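Data first, discussion second: the structure below is written as structure tokens.
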């Protein structure tokens, strides 16, 4: 039976709205906590002293990055209903233990249906539901292991041609005005028909890092790092960049860990 809820959401208004709808349609639900970042969420889920939720409502864009990174740091065998303002993440959501995927602003009827869906699974198909969760976790792990092999070459546009671009040649990916470009270590720039979110799911995680909303950078491209005000970092790359690359305070530890990790 669903009773205990964990909300992972960095927008106060969205969290308040979700809580208000839950109180209306399921007054016996108890919200254990509302967390705003990947770091907070990982700490909570790793802490054996915290009360275990029956269901997690998880926004995709958090203060320190995409919530999919939570699954890289801790195993989660709790059903999840993803909430987001964007519909481009549905496929990635269902690769983890997602029960449903709700677009913001969340509507009362859609939330009712999502909870009813989970209730049916847990009450009448308990064994098969558990197996489904375990299968999704296993598939997610396999998907992570396959990333190195899946993302070797991208097809990019160059004048009137399409050419193969090896990711080892890419210093960074950059988005501006709804266009994404790949810049090589030689300074060549190519339009690429993927969003940064799509690229992030396809690139090897030990080789590339989502620095902020504008940049995905290659580890080999990092020249040096400046300490920025507000405990942030400013990155200099070995190639010219269109604007400063700032690592937020919340993501500094994650960036340092990525930069110094041993590559597989």
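Computed from the coordinates by the stated procedures, all read-outs in this text should not be read as laboratory data. Computed from a prediction, not measured in an experiment: that's the story for all the values here. Here Cβ is always computed from backbone atoms with ideal geometry, including for glycine, and neighbour counts include all displayed protein chains.
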Backbone N under 15 Å from the residue 168 label point (7 Å along Cα→Cβ), restricted to the range 230-264:
264
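May I ask you to order 250-260, 197-207 by the average number of other C-beta atoms within 10 Å around their residues, highest value first?
Values: 250-260: 15.5, 197-207: 18.3.
Put in order of decreasing packing, that is 197-207, 250-260.
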Okay, which of the range 49-68 sit inside 20 Å, backbone N to the point 7 Å along the Cα-Cβ direction of residue 198?
60-61, 66-68
Using a simple spin-label model with points 7 Å from Cα along the Cα→Cβ vector, what separation in nm is obtained for residue 206 and residue 20?
4.8
Quick calc: nm separation of the 7 Å Cα→Cβ label points for residue 61 and residue 104 -> 0.7
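Subtracting the Cα-Cα distance from 0.36 nm times the residue separation, let me have the gained length for residue 153 to residue 31 in nm, one decimal. All intermediate terms of the calculation are to be shown ahead of the outcome.
Details: separation 122, 0.36 × 122 = 43.92 nm, distance 4.48 nm.
Net length gain for the segment: 39.4 nm.
If I stretch the segment between residue 223 and residue 51 completely, what's the gain in nm (0.36 nm per residue apart, minus their alpha carbon distance), one decimal? Don't jump to the answer; show the numbers that get you there.
Details: separation 172, 0.36 × 172 = 61.92 nm, distance 4.40 nm.
Between residue 223 and residue 51, full extension yields 57.5 nm more.
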How far apart, in nm, are two points set 7 Å out from the Cα along the Cα-to-Cβ line at residue 185 and at residue 160?
3.3
Report the full-extension gain for the segment residue 231 to residue 1: residue separation times 0.36 nm, less the Cα-Cα distance, to one decimal in nm.
78.4 nm
Would you please put 105-118, 215-228 in order of how densely packed they are, using the mean number of other Cβ atoms within 10 angstrom per residue and starting with the highest?
215-228, 105-118
